[in-house]
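Accompanying notes for the structure given below.
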Amino acid sequence: WQSFGSNDFDYMPYGNYGSEDSSAAIGSLFSEAKSSSHLTVQFEDESGSESFEEFAPQYFKYLTDSLNSGSPTCLAKIVGIYQVIVKHLRSGKETKMHLMVMENLFFKKSISWVYDLKGSARSRYNSDMTGTNKTLLHMNLLEALRTNPISVGGKAKRNLERAVWNDTSFLA
């Protein structure tokens with residue numbers, strides 16, 4: 001066992017924070033570093049990490065080019081994909097986990113609402129808006145915008161539009 005400068009207390013479970021969609025490519029276990037600067041996401045199975053391995057060279061080239069050129073992007077920065085094998089001392093049974101470590105986009109940000117937008121309005125409303133870290137859906141946003149529109153300055157709007165354009169062009 002090598003600790004690499006961290007210990008068991010450096011990460012704390014977040015539970016089901018994130019996707020409520022059981023068909024999502026990324027699993028439901030999110031953990032947050034104590035510093036809150038990074039998240040660990042557990043893939044449901046090995047195919048998720050294998051898919052990323054195929055996509056990784058293009059992803060890292062795109063991110064590197066974006067950062068070096070100052071071109072805006074909204075994509076989270078992924079540190080890496082790891083396979084962790086935990087072996088039970090008594091039974092010898094091994095459990096494999098496939099993990100992605102990525103930046104926490106909410107780090108040092110005051111977040112009022114979180115929306116999981118998939119581009120479809122079908123079955124996309126969360127009627128239970130109580131609790132902390134509650135993720136709202138597409139129709140919740142449309143409903144909220146009727147009474148509380150989002151105001152964004154011209155420069156910020158252009159940067160966001162450019163980032164979304166860049167990212168969707170890359171991902172398409």
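Remarks
- For the range 61-74, residues that are in a helix (DSSP H, G or I) and either more than 18 Å from E103 (Cβ to Cβ) or over 16 Å from the mean Cα position of the chain (by Cα) (or both) total 8.
- Which numbered condition L89 fails, given (1) under 15 Å from the mean Cα position of the chain (by Cα); (2) modelled with pLDDT of 85 or more: (1)
- Count of the range 66-110 residues, restricted to those that are under 19 Å from D45 (Cβ atoms) and either touching a Lys or Arg at 6+ places or on another chain (Cβ under 9 Å) or without any contact (Cβ under 8 Å) to a residue 24 or more places away in the chain (or both), is 10.
- As a summary of the residue check, G70 satisfies the conditions (1) within 29 Å of A156 (Cβ to Cβ); (2) among the small types (G, A, S); (3) surrounded by 11 or more Cβ atoms within 10 Å (Cβ to Cβ); (4) out of contact with any strand residue (DSSP E or B) (no Cβ under 8 Å at 6 or more places or on another chain) except for the one numbered (3).
- Taken together, Y125, Y115 contain a single residue that is among the aromatic types (F, W, Y), part of a strand (DSSP E or B) and modelled with pLDDT under 85, which is Y115.
The values are calculated or read from the model by the stated rules, or taken from the named source; none is laboratory data. Every value quoted in this text rests on a predicted model; they were computed, and no experiment measured them. Glycine gets a Cβ as well: all are built from the backbone with ideal geometry, and neighbour counts include every protein chain shown.
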